[in-house]
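The next block holds one structure in the form of structure tokens; read it before the comments.
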Ligand code: SAH
């Protein structure tokens, strides 16, 4: 080990940064997150030092360095662009018994500054001992994507309950298991979702149940939006929950590539539902989620797109709430956003559309939709989910209610996936073109002037995705 990792308490320690350029600025910004007393010394400073000075985080001394400047400091960082000056600073600092860091010259360093992942109070430091800082930064980037942004909150919660848990669970082995369950279970999940009060309540309930010698506390359900198909469009949170889940209940719309990212040992339950094969009726899905959670499982209810857009997510959480099962909802990229981007159709545009309406083309029972006239609005993009079956009827109704028959219209099939197909036509020809091309679900229909822009904007996506036009 060339360098020993230690975490320094910089509280009220006088630190000197020598240099006024961008490198010195980065060090100054980093130190300004601590409560060290920071002075920067240089003949001139980058303008971005100004906000740090104004917020009282740092003091500037405008002068050239000489060794008497080191007096009174505990820590020195040499960050000038002159390597021989940096070396001089290092030698004088060392002679005075100060700890010194020389930027980019590890051989002159008493300490080096690692790449950090800051989830305060949790800090992860990565160092290559100055040999390959870029490698350390790459590892840091990976960790950043792996560790939820709010992870520090878990550490805070653990800190708050630490002594009480010790009283209630005196055995250290049992306590370790308890914490594992709490941090990976509903308490942890609520905390990560920013539901601090609910997390604290769940924690109290867990402690109570242990005191009463009760059954393990209920599990947790996360309603997770899996996006429109491309696994790259998952959120970090979605991916993490999929990898921690005991059970995943998924829809037909969730792509195989996305399912492949679920933890291998997790139980996977298919819940349907194509129009023709209602595998599990909605009510049964609601019951299933409640039952699994009551068994103590970490359940992920994986839904295509966003759970709250034509996803019946509202109904599923109603039954969870009624049964007091802790749950969180993780938004996903809805089909409209995904398909529009990948087909090069901006849903709004300064010149063509100032509003955008999402509607479902699926009818409840046999009731016809009566409000088509509300949908024919100038400068508005109309996005129709579940519209393939009624496409002809919908388009005719729009024209009947005043839409120009040559209004541009697009049908996007399996948007964002390698199988994406885009049909561009007009509102009067789209249904026929869809029939000719054997369009099949899932399809999204976009109607409005903005569709014209797809020619201009879609070339690179279709090439990148190998999509067919
Ligand atoms: N909650 C989902 C929508 C569920 S309704 C969301 O936010 O996207 C199901 C409808 O969504 C499908 O009938 C289709 O109209 C649309 N859809 C979902 N994924 C799609 C995709 N990859 N390409 C085209 N349409 C899609």
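Observations on the model:
- When residues of region 386-395 are limited to those that are surrounded by fewer than 21 Cβ atoms within 10 Å (Cβ to Cβ) and within 15 Å of the ligand (Cβ to nearest atom), the one nearest to residue 351 (Cα to Cα): 386
- Residue within region 232-246 that is touching a helix residue (DSSP H, G or I) at 6+ places or on another chain (Cβ under 6 Å) and within 30 Å of residue 168 (Cα to Cα) present: no
- Test: residue 52 is touching a helix residue (DSSP H, G or I) at 6+ places or on another chain (Cβ under 9 Å) and over 16 Å from residue 78 (Cβ atoms): yes
- Taken over region 223-247, the criterion of being touching a strand residue (DSSP E or B) at 6+ places or on another chain (Cβ under 8 Å) and within 14 Å of residue 415 (Cα to Cα) is satisfied by 226, 227, 228, 233.
- Hits in region 305-328 - residues which are surrounded by fewer than 21 Cβ atoms within 10 Å (Cβ to Cβ) and on the phi > 0 side of the Ramachandran plot: 310, 312, 324
- Pairs linking a residue in region 414-435 that is closer than 14 Å to residue 392 by Cβ and in contact (Cβ under 8 Å) with a residue 40 or more places away in the chain to a residue that is assigned to a loop (DSSP other than H, G, I, E, B) and within 14 Å of the ligand (Cβ to nearest atom), with Cβ atoms under 8 Å and 6 or more positions apart or on different chains, are 434/388.
- Taking helices (runs of 4 or more DSSP H) as the structural unit, those lying wholly within region 396-469 and holding at least 3 residues that are away from the ligand (no atom under 16 Å from the Cβ), surrounded by fewer than 23 Cβ atoms within 10 Å (Cβ to Cβ) and at pLDDT below 95 correspond to 454-457, 459-465.
- Test: residue 200 is under 20 Å from residue 330 (Cβ atoms) and more than 16 Å from the ligand (Cβ to nearest atom): no
- Some residue of region 333-353 being within 11 Å of the ligand (Cβ to nearest atom), in a loop (DSSP other than H, G, I, E, B), at pLDDT 95 or above and under 30 Å from residue 201 (Cβ atoms): no
- Filter result for residue 327 (within 21 Å of the chain's Cα centre (by Cα) and within 12 Å of the ligand (Cβ to nearest atom)): no
- Filter pass, residue 51 being loosely packed, with under 15 Cβ neighbours inside 10 Å and more than 29 Å from residue 131 (Cβ to Cβ): yes
- For region 272-293, the condition holds for no residue, the condition being that it is crowded, with 17+ Cβ neighbours inside 10 Å, at pLDDT 90 or above and under 20 Å from the mean Cα position of the chain (by Cα).
- Residue within region 355-363 that is out of contact with any helix residue (DSSP H, G or I) (no Cβ under 7 Å at 6 or more places or on another chain), buried (at least 17 other Cβ atoms within 10 Å of the Cβ) and not in a strand (DSSP E or B) present: no
- Note on region 228-251: among residues that are surrounded by fewer than 16 Cβ atoms within 10 Å (Cβ to Cβ) and in contact (Cβ under 8 Å) with a residue 12 or more places away in the chain, the one that is farthest from the ligand (Cβ to nearest atom) is 243.
- When 311, 361 are checked against the criterion of being under 23 Å from the mean Cα position of the chain (by Cα), within 11 Å of the ligand (Cβ to nearest atom) and closer than 20 Å to residue 282 by Cα, 311 stands alone in meeting it.
- Subset of region 288-308 (residues that are outside any loop (DSSP other than H, G, I, E, B) and more than 16 Å from the ligand (Cβ to nearest atom)): 288, 289, 290, 291, 292, 293, 294, 298, 299
The values are calculated or read from the model by the stated rules, or taken from the named source; none is laboratory data. Because the structure is a prediction, the values reported are computed rather than measured. Using ideal geometry, Cβ is built from the backbone for each residue, glycine included, and neighbour counts are taken over all protein chains shown.
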